[in-house]
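Everything below concerns the one structure shown next.
The values are calculated or read from the model by the stated rules, or taken from the named source; none is laboratory data. Values in this document were obtained by computation on a predicted structure and should not be read as measured data. Because the Cβ atoms are built from the backbone with ideal geometry, glycine has one as well, and the counts that use them run over all protein chains shown. With ligands, DNA and RNA removed, areas are computed over all heavy atoms of the protein, side chains included. Shrake-Rupley method; radii C 1.70, N 1.55, O 1.52, S 1.80 Å.
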Amino acid sequence: YIEAKKDTRINMSTPNKWSRELDDLTDLSKTNIEGLKNIAEDHIEQAAEMTEVLVEKILSVPPEAKYPYLCLIDCILKNVGSNYREEFQKHIREVFRNCHRSLRGARRDKVPDILEDWSRNNIFPQNVFRQIREDLGI
């Protein structure tokens with residue numbers, strides 16, 4: 001028997017549908033993050049709209065809900081790539097400032113780790129990382 005791949009294509013006629021999909025991201029479930037990454041990949045031609053919705057979401061959720069969204073952004077940037085990298089680069093300083101200011105404890109401590117991982121892997125140009133480090137005072 002061959003297991004059929006779950007269809008991750010959703011009708012993206014409005015950003016509200018992507019936003020509703022993102023509402024299900026309440027923890028660090030690898031299955032949820034992978035599923036949402038697959039949706040982003042399936043709709044790469046709408047990277048600008050998808051990025052806007054995800055950025056709005058991470059900026060507006062309460063502090064305790066931000067980290068899973070940051071992990072989703074990490075997954076999309078590392079696994080889907082260029083279209084999303086271009087779009088997230090426009091917002092990433094604001095996202096990092098917001099997360100660094102809002103998160104507490106161990107999750108806040110992971111924000112610089114994510115930043116350094118992206119820097120090592122050239123997710124964005126190095127000047128972007130310098131600006132974020134200055135913003136965060138690290």
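So the values come out like this:
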| read-out | value |
| --- | --- |
| Two-decimal ratio, the stretch 27-103, of alpha-carbon radius of gyration to 2.2 N^0.38 Å | 1.01 |
| Geometric extent, Cα atoms of the chain - Rg, Dmax (angstrom) | 14.9, 55 |
| Value at 222 nm in deg cm²/dmol, rounded to 500, when DSSP H runs of n ≥ 4 in the chain each add -39,500 (n - 2.57) | -22000 deg cm²/dmol |
| Percent carbon-and-sulfur accessible area, the chain, ignoring ligands, DNA and RNA, probe 1.4 Å | 45 percent |
| Nitroxide proxy distance, nm - points 7 Å out along Cα→Cβ at residue 56 and residue 89 | 2.4 nm |
| Per residue, in Å², the accessible surface of the chain once ligands and nucleic acids are set aside, probe 1.4 Å | 56 Å² |
